Structure formats: C-alpha cells, structure tokens
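Please read the structure below before turning to the comments.
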Amino acid sequence: MSLDPSVPPQGAAEARPPGRRDLLRLRQEIPRHVFTAAGVVVPLALLALWWGVTALGLVRPLFLPSPGAVLAEGWRQASEGILLQDAAVSVYRIMIGWLAATVVAVPVGILMGNYRLIEGALEPFISVVRYMPIVALIPLTILWAGIGDMQKIVILFLGTFFQQTLMIMDNVKNIDLSLIRAGQTLGFSDREILRRIILPAASPGIWDTLRITVGWTWTYLVVAELVAANEGLGRRIMDAQRYLATDTIVWGTLFIGFLGLVTDWAFKRAGRRLFRWNAPVRG
C-alpha cells in the first residue's frame with residue numbers, strides 16, 4: 001500500500017461518485033436517482049413544449065389541442081364511465097389475443113430453436129407472413145370470424161404470433177452450446193437437456209420477448225377495432241377521427257400508451273422476481 005498522500009488508496013476510484021463525464025461512459029453504472037430523474041425530465045420537457053406551442057397559438061386547436069383540453073376530455077370520459085368501459089373491453093381483447101399467440105408461439109419457437117429440420121420447414125413461411133400488412137387481412141378475418149370479438153382477437157393474434165415465434169427461436173438458439181455439451185457429457189437424454197438446461201437458460205430471454213410482444217399487441221389495438229366495433233379505446237379513436245375531435249384522439253392514444261407502460265412495468269417486476277438468479281451483477 002502506497003503511503004504517498006497524492007496517490008488515492010486502493011478502491012477509492014470505485015467508491016467515488018461518478019462525475020459528469022462518467023454519466024455518458026459506455027456501460028457505466030449511474031446512481032439510481034439520476035437514472036430516474038432522466039426518465040422524468042424528458043416527458044416534462046415535451047409537455048412544456050406542447051403547452052407552450054398551444055398557449056402561444058402557434059398551432060390551431062383543430063390540429064393540436066392543449067394539454068388542458070386533453071385532460072378535460074379524459075375527465076369527461078372517466079366521469080361518464082366511458083373510459084372504464086372502453087378500457088375493460090380493449091384489455092380483454094388484448095389479453096386473449098396475446099395469450100392465444102403466446103400459447104402457440106412458445107412451443108413452436110422452442111422447437112424451431114432446437115431442431116434444424118423444424119426451423120427449415122417453418123421459418124421461410126413465418127418470415128414471409130410477418131411482413132404482410134395486418135390491415136390488408138381485415139376483410140379475410142371478417143369472412144373467417146365474423147364481426148364480433150373473435151375477429152378482433154384474430155387480428156391481434158396475427159399481429160403478434162409470427163414475430164413472437166422467431167424471437168423465441170432466437171432466445172433458444174442463443175444459449176451457450178457448452179451447457180448442452182455438458183449435459184450430453186453427463187449422459188442426459190435430449191428430453192432432459194431440454195427440460196433441465198435449455199428451458200431454464202432460455203426462460204429469462206423468453207420472458208423478455210413476451211414483455212416486448214405484449215407491447216406490440218397494444219399497437220395493433222386500433223387496427224383490430226377498426227371495423228364493426230361498438231366499444232373499445234381503438235373504436236373511440238376512430239370515431240373521433242371522423243368528427244375531427246383531436247382532443248379525444250390524443251387522449252385515447254396517450255391512454256393506450258399509459259396502459260402499455262403499466263403492462264411493461266408489471267412484466268419487468270414479475271421477471272425480476274421469477275429470475276432473481278439471472279439478475280446482473282452490479283460493480
């Protein structure tokens with residue numbers, strides 16, 4: 001240990017708080033309060049900009065309503081019970097559509113990630129279909145499923161399943177092969193390797209894929225409720241477009257984003273509890 005007072009003691013560099021330059025270093029950890037503040041400052045700055053533009057009359061309310069007008073519309077819908085009713089219907093459709101896609105995509109993606117034959121048989125078809133515009137399939141889904149809730153659920157399923165399957169396949173394929181080789185060395189059967197090695201190792205990645213894809217399902221909500229919907233947040237937005245009610249459009253869009261954010265937060269929190277052993281080590 002150096003006795004030179006000009007030389008900091010060992011560990012002092014790690015103990016000192018990060019400076020301004022450290023905040024933008026590659027993969028550098030930052031204090032939790034700084035991280036949280038950064039996530040608050042940007043939305044507040046955008047809100048202030050929005051308020052300033054509308055308060056100064058730089059944009060007509062027909063094209064961009066003020067924050068106050070949007071909040072007033074949200075309060076009206078909440079007080080009349082419209083908001084809760086629409087949200088309940090939309091959340092039901094989202095959850096059923098996403099769950100249906102997940103129930104099919106998880107086993108198919110796992111099989112594709114483990115067996116080259118299944119990957120070769122299914123990947124070309126899935127890769128083609130996932131680029132097809134979902135809006136173009138609305139007439140077909142009406143013929144297949146009518147105009148009730150099932151048609152909306154089919155749209156949400158189609159918008160989620162194909163991307164979800166390929167992402168789960170990649171989650172499985174990215175597992176370190178040395179883990180599988182170790183299982184083979186220990187004499188595990190293919191079924192035991194899948195159950196005891198592959199699935200536990202891939203589970204955190206698969207969970208994150210599920211979190212991301214439920215967000216995609218939310219983005220398809222307006223498309224799903226485009227035709228013959230009597231209730232729902234997407235249907236409310238489409239009706240508002242017809243009457244140029246931009247305050248309703250902005251409120252509905254922001255509220256869908258809020259519900260999606262809550263869903264994402266719930267997935268992250270559940271993932272931290274389910275996969276505590278996979279938590280990154282903080283220096």
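What follows is calculated from the coordinates using simple rules that are stated; it is not laboratory data. This is a predicted model, so every value here is computed, not measured. Cβ: placed from backbone, ideal geometry, glycine included. Neighbour counts: every protein chain shown.
Take W251, W277, W50 and order them by how many other Cβ atoms sit within 10 Å, fewest up front.
On the way: W251 26, W277 7, W50 17.
So the ranking, lowest neighbour count to highest, is W277, W50, W251.
Over the chain, what lengths in whole Å, largest first, do the semi-axes of the equivalent ellipsoid take, defined as the square roots of 5 times the eigenvalues of the alpha-carbon gyration tensor? Kindly include the intermediate steps, with their values, before the conclusion.
Working: eigenvalues 324, 245, 41 Å².
For the chain, the ellipsoid semi-axes come out as 40, 35, 14 Å.
Looking at region 25-128, which trypsin sites (Lys or Arg not before Pro) are in a loop (DSSP not H, G, I, E or B) and have at most 16 other Cβ atoms within 10 Å?
Those satisfying the criteria are R25, R27.
Set Lys and Arg Cβ to +1 and Asp and Glu Cβ to -1, take the dipole of the chain about its Cα centre, and tell me which of I82, W216, L23 lies farthest positive.
Checked the options; the winner is L23.
With 10 angstrom as the radius, rank M112, M167 by how many other C-beta atoms surround their C-beta, starting from the fewest.
M167, M112
For region 129-283, how big is the tail of P(r) above 25 Å, as a whole percent of Cα pairs?
Distances greater than 25 Å cover 48 percent of the Cα pairs.
Pulled fully out, how much extra length does the chain show between F188 and A266, if you take 0.36 nm times their separation in residues and subtract their Cα-Cα distance?
Working: separation 78, 0.36 × 78 = 28.08 nm, distance 3.60 nm.
That pair, F188 and A266, stretches by 24.5 nm at full extension.
What does the helix-only formula give at 222 nm for the chain: each DSSP H stretch with n ≥ 4 adding -39500 (n - 2.57), the total divided by the residues, and the result rounded to the nearest 500 deg cm²/dmol?
My calculation for the chain gives -23000 deg cm²/dmol from helical runs alone.
Mind putting together the pair-distance distribution for region 209-261? All Cα pairs, 5 Å bins, whole percent per bin, short to long.
In whole percents, the pair-distance histogram is 4, 21, 28, 25, 13, 6, 2, 0.
If you count, for each residue, the other Cβ atoms within 10 Å and average over each peptide, how do 232-244, 179-191 line up from highest to lowest?
Answer by packing, highest mean first, reads 232-244, 179-191.
One-quarter of the Cα convex hull surface for region 50-142, in nm²?
Computing the convex hull of the Cα atoms and averaging its projections yields 10.4 nm².
Treating only the Cβ of Lys, Arg, Asp and Glu as charged (+1, +1, -1, -1), what charge dipole size does region 98-254 show about its Cα centre? Round to the nearest 20 debye. Present the calculation step by step, with values, prior to reporting the outcome.
On the way: 12 positive and 12 negative charges, 42 e Å.
Here region 98-254 has a charge dipole of around 200 debye.
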